[in-house]
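The values are calculated or read from the model by the stated rules, or taken from the named source; none is laboratory data. Owing to the predicted nature of the structure, the values given are computational and were not obtained by experimental measurement. Heads up, the Cβs are rebuilt from the backbone with ideal geometry, glycines too, and the neighbour counts pull from every protein chain shown.
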Amino acid sequence: MYGIVLNDKREVLVSHERRGGYEFTKFPGGGVELGEGILDALHREFKEELDAEIDTSTFFYVNEHFQASNFKSTDQVISFYYRVTLDYVSIKTGVSNLPLGSSEVSDFERVSWVPLSQDLLALMTFPIDKMVLTKIL
């Protein structure tokens, strides 16, 4: 599950990450852990990745088509997207943090505000994120 955060400058928050030698750009968020609900996972991911508390979340999109995982081709990905509001002042952009659970020193997570435009489509890595971005535009 992923959060779509827009600011008053028509910018969207994106996460630039490197894990296991693979670099990608996506919406903030991630997987659901065993025993978690979708919204619980969304809140946890925003706390872990952004050190931010979600004020509101509104369902936006779920993929209804088959999508293989980019990380493990035998896994299927079902992604839930929510429009999210939070305290923008608390977001630390441009800071590279080691992802939670990673011991590889070259891994990182870094968020930034990017103008909401067609150019952003080329920046996003994953097909479902590109589809969601098209719906936002």
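For the stretch 29-60, give me each residue that is closer than 18 Å to Pro127 by Cβ and either at pLDDT below 95 or among the acidic types (Asp, Glu) (or both).
Selection gives Gly29, Gly30, Gly31.
Applying the selection to the stretch 24-62, what residues are under 26 Å from Val105 (Cα atoms) and exposed (fewer than 13 other Cβ atoms within 10 Å of the Cβ)?
Gly31, Glu33, Lys47, Asp51
Looking at Glu17, Glu33, can you tell me which residue is part of a loop (DSSP other than H, G, I, E, B), more than 15 Å from Tyr61 (Cβ to Cβ) and charged (D, E, K, R)?
So the residue among Glu17, Glu33 that is part of a loop (DSSP other than H, G, I, E, B), more than 15 Å from Tyr61 (Cβ to Cβ) and charged (D, E, K, R) is Glu33.
Hey, can you tell me all the residues within the stretch 4-23 that are surrounded by 15 or more Cβ atoms within 10 Å (Cβ to Cβ) and farther than 21 Å from Asp107 by Cβ?
Residues of the stretch 4-23 that are surrounded by 15 or more Cβ atoms within 10 Å (Cβ to Cβ), as a first pass: 4-6, 11-19.
Ile4, Val5, Leu6, Glu11, Val12, listed by residue number.
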